[in-house]
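S.K.: Structure incoming, see below.
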Amino acid sequence: MTTPGTPHDALFKCLVEDPERAGVLIREQLPADIIEMLSDAPPVPVDATFIDGRLRETRGDRLFEVRLKDGAQALIYVIMEHKSTPDPRTPIQMLGYMARIWDRYAGPGGDKAHALPPIIPLVIYHGRSPWTVATSVQDCLEGDLHLRPELAGFRYLLRDIGRIDDDRLSRRTDLRSVLLALKYGPRETASDEILIGILTDLPNGSLLEQQVIHYILSVFKTLTIDMWRDIVIAAKPDREGEMVSLAAQEWFNQGLREGELRGTALGEARGEARGEARGEARGEARGEIRGLAEALTQILETRFGPVDTALRKSLNQMPAETLRRLLARAISASSLDAVFDD
């Protein structure tokens, strides 16, 4: 499996890792006439990395083998489309992905090309704008409309979860929590009530819960430290300390990543402008310090309350090595003074 390229992609892949959960998701999204043909056996995940290596940059995808009631095999190709607006090339891309899947199943010499499994393509969309793109290449063709019935057009199934009522996203609580997060993620904001509901229905200590928390802290830009504390207390009061620690660790990791990126970008810009290698080194070091200082500030405010201006200024003047040591302390220290006790 490819490494998830975005928070949306990572959360979707975590959602469908469990075959039973994936089976419920698929059955809730497919039309009734197709569900009627499926057997009760759970879907079997199949490696889909061969379809398009670039897919991870804009979508999450999963390929499943399923059994029909008559014993035949079929494939369900599920894509989570998380671009902010619909891509008009989707019908063409889906047809190309289906062709690659069939080519793989046909075998190197095409020996099995006469008995290919049917593919049910399902697009689950959660962008901000409504889906306005055709669901079949046939609907994209220009010319005499009387020709269209004579032309084969492979249609994909679309579920736009952004236009589905929150309480109708799924009958299963953990599935509904993930779909709620994905529904509001592109908007980068959600009410406290929604976030409380998402956390409440997630199984305690599960990988899915950790992934959803990672997703919330990564994409919900309006979430403040005080909001997170209040949400955790309302959703899972007996796990307040653990949940705050998870958030602190997440912000710590984000700060390190942002520091590395900012440092590299700033260093390259200065190095190119001045033509000096030391400009790049200085920029990289300064960017890392800023990222570490921001991460430390977030953790301190999460655990101990607002950080005053003087302390913020002091953090931005500390060496990177000192900031790393303080970050490690801040995650488990009992008080603000204990972080800076030496």
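S.K.: Restricting the search to the range 188-240, which residues are closer than 24 Å to Arg172 by Cβ, at pLDDT below 90 and basic (Lys, Arg)?
M.R.: Listed by number, the list holds a single entry, Arg239.
S.K.: For the range 315-324, indicate whether the set of residues that are modelled with pLDDT under 75 and either in a helix (DSSP H, G or I) or of a type outside the set (Val, Ile, Thr) (or both) is non-empty. Spell out the reasoning first.
M.R.: Applying the first criterion (modelled with pLDDT under 75) to the range 315-324 yields none.
No: zero hits.
Results for (1) assigned to a loop (DSSP other than H, G, I, E, B); (2) over 23 Å from Ser218 (Cβ atoms); (3) at pLDDT 75 or above, shown as yes or no for each residue.
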site: Glu268; (1), (2), (3): no, yes, no
site: Glu272; (1), (2), (3): no, yes, no
site: Arg286; (1), (2), (3): no, yes, no
site: Leu292; (1), (2), (3): no, no, yes
site: Ile299; (1), (2), (3): no, no, yes
site: Ala310; (1), (2), (3): no, yes, yes
site: Ile331; (1), (2), (3): no, no, no
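S.K.: With at negative phi and in contact with a helix residue (DSSP H, G or I) (Cβ under 6 Å, 6 or more places away or on another chain) as the only criterion, which of Leu223, Leu182, Leu207, Leu199 stands out? Can you show your working first?
M.R.: On the way: Leu223 fails: in contact with a helix residue (DSSP H, G or I) (Cβ under 6 Å, 6 or more places away or on another chain); Leu182 fails: in contact with a helix residue (DSSP H, G or I) (Cβ under 6 Å, 6 or more places away or on another chain); Leu207 fails: in contact with a helix residue (DSSP H, G or I) (Cβ under 6 Å, 6 or more places away or on another chain).
Selected residue: Leu199, the only one of Leu223, Leu182, Leu207, Leu199 that is at negative phi and in contact with a helix residue (DSSP H, G or I) (Cβ under 6 Å, 6 or more places away or on another chain).
S.K.: Can you name every residue in the range 241-250 that is at pLDDT below 75 and in contact with a Ser or Thr (Cβ under 7 Å, 6 or more places away or on another chain)?
M.R.: Result: Ala248, single match.
S.K.: Filter the strands (runs of 3 or more DSSP E) completely within the range 32-103 down to those with at least 3 residues that are buried (at least 17 other Cβ atoms within 10 Å of the Cβ), in the same structural domain as Leu11 (by TED's automatic domain parsing) and modelled with pLDDT of 90 or more.
M.R.: Numbers: elements: 44-46, 59-67, 73-81.
Here the list reads 59-67, 73-81.
S.K.: Can you pull out every residue in the range 330-339 that is more than 13 Å from Gln249 (Cβ to Cβ) and either surrounded by 14 or more Cβ atoms within 10 Å (Cβ to Cβ) or touching a residue at least 40 places away in the same chain (Cβ under 8 Å) (or both)?
M.R.: We begin by selecting, within the range 330-339, every residue more than 13 Å from Gln249 (Cβ to Cβ); these are 333-339.
Within the range 330-339, Ala333, Leu336, Val339 meet the criteria.
S.K.: Moving to a separate point now. Give all pairs with beta carbons closer than 8 Å in which a residue from the range 1-18 that is of a type in the set (A, V, I, L, M, F, W, C) meets a residue that is modelled with pLDDT under 85 and in a helix (DSSP H, G or I); count only pairs at least 6 apart in sequence or on separate chains.
M.R.: Met1/Lys13
S.K.: Next up: Write out, first by first residue and then by second, each pair whose Cβ atoms fall under 8 Å of each other, whose residues are 6+ apart or on separate chains, and whose first residue, in the range 123-144, is among the acidic types (Asp, Glu) while the second is in a helix (DSSP H, G or I).
M.R.: Asp139/Pro91
S.K.: Would you pick out the residues in the range 195-208 that are over 14 Å from Ile233 (Cβ atoms) and over 18 Å from the mean Cα position of the chain (by Cα)?
M.R.: Step one: list which residues in the range 195-208 are over 14 Å from Ile233 (Cβ atoms), which gives 197-198, 201-208.
Hits for the range 195-208 are Gly197, Asp201, Pro203, Asn204, Gly205.
The values are calculated or read from the model by the stated rules, or taken from the named source; none is laboratory data. Just so it is clear, the structure is predicted and the values come from calculations on it, not from any experiment. With ideal geometry, Cβ positions are generated from the backbone for all residues, glycine too; neighbour counts draw on all protein chains shown.
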